[in-house]
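To start, I am sharing the structure in question, which I have written as structure tokens.
The values are calculated or read from the model by the stated rules, or taken from the named source; none is laboratory data. Just so we're clear, the structure is a prediction, and the values are computed from it rather than from any experiment. Don't worry about glycine lacking a Cβ; one is built from the backbone with ideal geometry, like all the others, and counts go over all protein chains shown.
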């Protein structure tokens, strides 16, 4: 069983208790008394290492447990017989759009407290370094409700700390993308920045551009887009897939705007399809352009519109302001287009068996250029699943240094086809490296696989030797930015091992190295996301937020990155009240309203917490967009 404890935040208690059964819990009369009664427990929390985490867990039998990852720290919380913990069960119904604010300190139904003797003697080990204690049983009448479980920490029966758990995603981080070196670096993620050698063409690439639209115009002919098509120089490529994010200006109804943008998108696709025979895969999404509208009216005579709801803004625009605002609205009607391109294959008509035969003939005749083109055609057929990967074993590549690039690309491609082949791929590259130790592509791929193995199996054997080998890549001709990227990945895995061993200071040194080094090379959106998740895992939420801050203002920000930023920041009351934050939320709603609304689901069901709806700014946005 694998556990990942949620980072937790708390809000200060107020001195009021509902009339429900409070089980003898005492509320300090004022702040001074609270300081007196709660000094010890406050000190323990103030000095808590950031690596210590805890949260309430509900099992399949509706038993509630407190999970935690430091037994000694937990035991120190409880000294007197009536030091303890109680669970406050909170229901999402309490935060309905027509409900008022909750004024009580105990928000829901309080369960009977569990005190020192029971807490200390009932600690169970879940797995190495992870523990739990039973806190109570969920009342049967609440079993099918949307619930959350707040924690009430008691010192001698005095309420000293009331804490809500926020589900901040921090566990799903990956290594930065290293790709595999074929004839150039081919990154795993389609959105990654590609680094290539001079003069080498990539088989696959992406292009992005924007197409503006005139008001109410949906048709789009091939002649309209031909200049764009020609400027992209697509004569050597076919369009494999097209992604369109179509925006309308905000006037008119949402239904009409969505229909108009869908027609515009289809017109673009039909126009591009007219230039090639292979069918283009399509992915279309549409939305109203609220983000740029709110940006453009800032500091103008229409700035006051920003304080209104979307419905109120539409009413004013549609009933008199549309003509005046057209100077802004005309720029909001557009489609953001991303093309995934596939190099045209002159050997597409050949079967896999014929390609293998021709590759072997070219290699035996030392026609390496021809062999490379044929090999790339074979790879393409395998990637599109037209032929079996087993054909790779029929390639007859002489074991000579002049053919090492063919061994390298074949082994790298075989791994790309089956990522479960990690260990065997590494051993394969070790063997190639023995007779071609000075080949930079082989050395790079071998170490990239080694780092993936370390990350997967949570181990860093031969530490000094591994670091030396990574740094030695630069002498072989590997770009320093790629070496730095590898060293960041080395420290990503190392820091997790140090955390498990409780070596917090050494772990912080690895984290510090990462924070200093990642600035030395270009990051893709996927890299930004991986780093932010990594930093949050190590309880550095502030740095993760700062890392993403400049990325989320762009209307074309990647959806995963945008929602992770929201996940990190939506608990900050000071931030969510700012107009700029509303624009970020509206951008998220435009990209995936359902996903945005799920942020307000119960924290044990994948949401951040529905108790965010206690904030009037968030509640207004939620009720405007998510309430049926």
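For segment 519-531: of the residues being in contact (Cβ under 8 Å) with a residue 40 or more places away in the chain and surrounded by 14 or more Cβ atoms within 10 Å (Cβ to Cβ), which is nearest to residue 456 (Cα to Cα)?
It comes out as 530.
Next question. Can you name every residue in segment 253-271 that is within 15 Å of residue 214 (Cβ to Cβ) and out of contact with any helix residue (DSSP H, G or I) (no Cβ under 7 Å at 6 or more places or on another chain)?
So in segment 253-271, the residues within 15 Å of residue 214 (Cβ to Cβ) come out as 257, 260-261, 263-264, 267-268.
Within segment 253-271, 257, 260, 261, 263, 264, 267 qualify.
Can you pull out every residue in segment 339-356 that is in contact with a helix residue (DSSP H, G or I) (Cβ under 9 Å, 6 or more places away or on another chain) and not in a loop (DSSP other than H, G, I, E, B)? I'd like the intermediate steps shown before the answer.
From segment 339-356, those in contact with a helix residue (DSSP H, G or I) (Cβ under 9 Å, 6 or more places away or on another chain) are 339, 341-348, 350-353, 355-356; that's our starting set.
Correct list: 339, 341, 342, 343, 352, 353, 355, 356.
Does residue 209 qualify as being surrounded by 18 or more Cβ atoms within 10 Å (Cβ to Cβ) and either modelled with pLDDT under 85 or within 26 Å of residue 608 (Cβ to Cβ) (or both)? Walk me through how you get there before you give the answer.
Details: surrounded by 18 or more Cβ atoms within 10 Å (Cβ to Cβ): no; either modelled with pLDDT under 85 or within 26 Å of residue 608 (Cβ to Cβ) (or both): yes.
So residue 209 fails the test.
Modelled with pLDDT of 95 or more, touching a helix residue (DSSP H, G or I) at 6+ places or on another chain (Cβ under 8 Å), on the phi < 0 side of the Ramachandran plot and assigned by TED's automatic domain parsing to the domain that holds residue 152, is that true of residue 54?
Details: modelled with pLDDT of 95 or more: no; touching a helix residue (DSSP H, G or I) at 6+ places or on another chain (Cβ under 8 Å): yes; on the phi < 0 side of the Ramachandran plot: yes; assigned by TED's automatic domain parsing to the domain that holds residue 152: yes.
Taking the combined requirement at face value, the residue does not satisfy it.
I would also like to ask the following. Can you give me the number of residues within segment 548-569 that are closer than 24 Å to residue 52 by Cβ and either without any contact (Cβ under 8 Å) to a residue 60 or more places away in the chain or surrounded by 22 or more Cβ atoms within 10 Å (Cβ to Cβ) (or both)? First the steps, then the outcome.
Step one: of segment 548-569, the residues closer than 24 Å to residue 52 by Cβ are 564, 567-569.
Going one step further and asking which of them are either without any contact (Cβ under 8 Å) to a residue 60 or more places away in the chain or surrounded by 22 or more Cβ atoms within 10 Å (Cβ to Cβ) (or both), we end up with 564, 568-569.
Residues in segment 548-569 being closer than 24 Å to residue 52 by Cβ and either without any contact (Cβ under 8 Å) to a residue 60 or more places away in the chain or surrounded by 22 or more Cβ atoms within 10 Å (Cβ to Cβ) (or both): 3 in total.
Do the conditions hold for residue 336, that is, is it in a strand (DSSP E or B) and either surrounded by 14 or more Cβ atoms within 10 Å (Cβ to Cβ) or assigned by TED's automatic domain parsing to the domain that holds residue 257 (or both)?
Details: in a strand (DSSP E or B): yes; either surrounded by 14 or more Cβ atoms within 10 Å (Cβ to Cβ) or assigned by TED's automatic domain parsing to the domain that holds residue 257 (or both): yes.
Here the answer is yes, as residue 336 does meet what is asked.
Has segment 570-585 got any residue that is assigned to a helix (DSSP H, G or I) and touching a strand residue (DSSP E or B) at 6+ places or on another chain (Cβ under 9 Å)?
So the first thing to find is which residues in segment 570-585 are assigned to a helix (DSSP H, G or I), and the list is 573-576, 579-585.
Retained after the next criterion (residues that are touching a strand residue (DSSP E or B) at 6+ places or on another chain (Cβ under 9 Å)): none.
No, there is no match, as no residue in segment 570-585 is assigned to a helix (DSSP H, G or I) and touching a strand residue (DSSP E or B) at 6+ places or on another chain (Cβ under 9 Å).
Scan segment 1-49 for residues that are outside any helix (DSSP H, G or I) and at pLDDT 80 or above and jot them down. Steps first, answer last, please.
At the first step, the residues of segment 1-49 found to be outside any helix (DSSP H, G or I) are 1-30, 47-49.
22, 23, 24, 25, 26, 27, 47, 48, 49 - these are the residues of segment 1-49 that are outside any helix (DSSP H, G or I) and at pLDDT 80 or above.
Looking at residue 431 and the list (1) within 30 Å of the chain's Cα centre (by Cα); (2) over 26 Å from residue 533 (Cα atoms), which single condition is not satisfied?
For residue 431, the exception is condition (1).
May I pose another question? What do you reckon, is residue 262 buried (at least 16 other Cβ atoms within 10 Å of the Cβ) and at pLDDT below 90?
yes
For segment 264-274, how many residues meet the condition of being more than 23 Å from residue 333 (Cα to Cα) and either assigned to a helix (DSSP H, G or I) or not assigned by TED's automatic domain parsing to the domain that holds residue 238 (or both)? Talk me through it step by step, then tell me what you get.
Start the filter on segment 264-274 by keeping residues that are more than 23 Å from residue 333 (Cα to Cα), which leaves 274.
Narrowing further to those that are either assigned to a helix (DSSP H, G or I) or not assigned by TED's automatic domain parsing to the domain that holds residue 238 (or both): none.
Total meeting the criteria: 0.
In this structure, does residue 478 turn out to be over 28 Å from residue 585 (Cα atoms) and either surrounded by 18 or more Cβ atoms within 10 Å (Cβ to Cβ) or without any contact (Cβ under 8 Å) to a residue 12 or more places away in the chain (or both)?
Values: over 28 Å from residue 585 (Cα atoms): yes; either surrounded by 18 or more Cβ atoms within 10 Å (Cβ to Cβ) or without any contact (Cβ under 8 Å) to a residue 12 or more places away in the chain (or both): yes.
It is true that residue 478 is over 28 Å from residue 585 (Cα atoms) and either surrounded by 18 or more Cβ atoms within 10 Å (Cβ to Cβ) or without any contact (Cβ under 8 Å) to a residue 12 or more places away in the chain (or both).
Would you tally the residues in segment 100-139 being part of a loop (DSSP other than H, G, I, E, B) and over 16 Å from residue 87 (Cβ atoms)? Reasoning before the result, please.
Within segment 100-139, the first condition is being part of a loop (DSSP other than H, G, I, E, B), and the residues that meet it are 100-108, 111-113, 122-123, 128-129, 138-139.
Then drop every residue that is not over 16 Å from residue 87 (Cβ atoms), which leaves 100-103, 123, 128-129.
Summing the residues that are part of a loop (DSSP other than H, G, I, E, B) and over 16 Å from residue 87 (Cβ atoms) in segment 100-139 gives 7.
With the requirement that a residue be out of contact with any helix residue (DSSP H, G or I) (no Cβ under 9 Å at 6 or more places or on another chain) and in a loop (DSSP other than H, G, I, E, B), what does segment 275-297 give you? Explain how you work it out, then say what you get.
Within segment 275-297, the subset out of contact with any helix residue (DSSP H, G or I) (no Cβ under 9 Å at 6 or more places or on another chain) is 277-278, 281, 283.
Correct list: 277, 278.
Which of (1) at pLDDT 95 or above; (2) under 36 Å from the mean Cα position of the chain (by Cα); (3) surrounded by 21 or more Cβ atoms within 10 Å (Cβ to Cβ) does residue 124 not meet, given it meets every other one?
Every listed condition holds for residue 124 apart from (3).
Tell me which residues, restricted to segment 389-414, are exposed (fewer than 15 other Cβ atoms within 10 Å of the Cβ) and either over 37 Å from the mean Cα position of the chain (by Cα) or at pLDDT 95 or above (or both).
393, 394, 396, 398, 399, 400, 401, 402, listed by residue number.
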